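What follows is calculated from the coordinates using simple rules that are stated; it is not laboratory data. Everything numeric in this text was worked out from a predicted model, so none of it was measured. So basically every Cβ, Gly included, is an ideal-geometry build from the backbone, and we count neighbours across all protein chains shown.
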Amino acid sequence: MLNQGVADELVLVDVNEAKAEGDAMDLNHGLAFASSYTKIWNGTYKDCRDADLVVLTAGANQKPGETRLDLIEKNARIFKTIVGQVMDADFKGIFLVATNPVDLLTHMTWKFSQLPSERVIGFGTILDTARLRYLIGEYFGVDTRNVHAYIMGEHGDSELPVWSHASIGGQRLHDLIKQSNGAYDVKDLDDIFIQVRDAAYEIINRKGATYYGIAMGLVRLTKAILHNEHSILTVSAHLTGEYGVEDCYIGVPAVVHRGGIKQVMNLTLTDLERQQFQQSAALLKNTLHPVLTKLDV
Ligand SMILES: NC(=O)C1=CN([C@@H]2O[C@H](COP(=O)(O)OP(=O)(O)OC[C@H]3O[C@@H](n4cnc5c(N)ncnc54)[C@H](O)[C@@H]3O)[C@@H](O)[C@H]2O)C=CC1
Ligand SMILES: CC(=O)C(=O)O
């Protein structure tokens, strides 16, 4: 955020106040090398009163072998306290949720805050989509930024690749493979997807947590919101019938602007993709409802 000069002010709030203070000091020491000035301090929930955006990254992360869904109860309790305190500060902005399981915690943030759903946004499958674009770029030997492809569904094990809409430089991936005289094989796409789906596990096994992709992705989404970009990103949005799914926060391509989520893109999926998407939504809903009941939401 600091490097890219995205915001005028950045407040860090953490239950571990010393950590937030240390982070603020450390970041301020980078200001001399930044492209523009950002006012940075460690604060309290009261500082959320006139914030445009509150980014929620607090809570437990996965330990090796844990799934994202395993974190739900622990992080739901943390979110109930945090969102309550932010709303008590008379917050009128947009929530952006990154903590896992991100789709479920976005849904809870929406419930706890009672804000309109377009102003509660989850990080969704933005990172998975970036991982997919990177791996496709490597496979075909092109710049990842020229690859268009989406991961949709849960940010987790039930997500799916939308191969039917994947393209490079305007050419559909399936056509590119067909015309390649065997240079590329459609079967390799399965391996690419598995690498995407399991990427977080692989990184967590090696270094304990993922840092850089998520950070750059969160800055990208923050910019799209604060700068009113109308960018299409695979956020976790609240569906009310799109893709045959009702009342579920889940990763879908959507137009993001200063007001939050402007519009969910309604892609024509293949029968298999639609079925996989609906199964992913069903898994999320079945996991969410017992926790909502337990927390009396
Ligand atoms: N959506 C995505 O694509 C990604 C999500 N994540 C998720 O982000 C979350 C954070 O991960 P890390 O930054 O690696 O963890 P971390 O452990 O480094 O940071 C979490 C912070 O939350 C704070 N915290 C804990 N309880 C709190 C409370 N009640 N109030 C305020 N602060 C509290 C901790 O003191 C700590 O500073 C995890 O759930 C992780 O799975 C991480 C990477 C990607
Ligand atoms: C931790 C996590 O959710 C990720 O890196 O995808």
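Values for this structure:
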{"item": "Gain on full stretching of the segment that runs from HIS227 to GLU17 - 0.36 nm per residue minus C-alpha separation", "result": "72.6 nm"}
{"item": "GNM flexibility winner over the chain from ASP47, ASP247, ASP185 (Cα, springs under 10 Å)", "result": "ASP185"}
{"item": "Residues LEU31 and ASP157, FRET efficiency given R0 of 30 Å [Cβ-Cβ distance, rounded to 0.05]", "result": "0.15"}
{"item": "Set of the range 99-137 residues, backbone N closer than 18 Å to the point 7 Å along the Cα-Cβ line of HIS289", "result": "104-105, 107-108, 111"}
{"item": "DSSP-defined antiparallel bridges as percent of all bridges, the range 81-179, nearest 5", "result": "65"}
{"item": "Under the span-like rule (Cα at least 27 Å along the axis, Kyte-Doolittle mean at least 1.6), DSSP H helices of the chain", "result": "none"}
{"item": "Contour excess over end-to-end distance, with Cα ends at ASN61 and TYR184 and 0.36 nm allotted per residue", "result": "40.6 nm"}
{"item": "Among the listed pairs LYS46/LYS80; LYS63/LYS111; LYS223/LYS262; LYS111/LYS294; LYS46/LYS92, those beyond 18 Å (Cα-Cα)", "result": "LYS63/LYS111"}
{"item": "Pairwise FRET efficiency - ALA89 versus GLU138, Cβ, R0 = 51 Å, nearest 0.05", "result": "0.70"}
{"item": "Gain on full stretching of the segment that runs from LYS39 to HIS257 - 0.36 nm per residue minus C-alpha separation", "result": "76.1 nm"}
{"item": "Ascending count of other beta-carbon atoms within 10 Å, so fewest first, for VAL15, VAL86", "result": "VAL15, VAL86"}
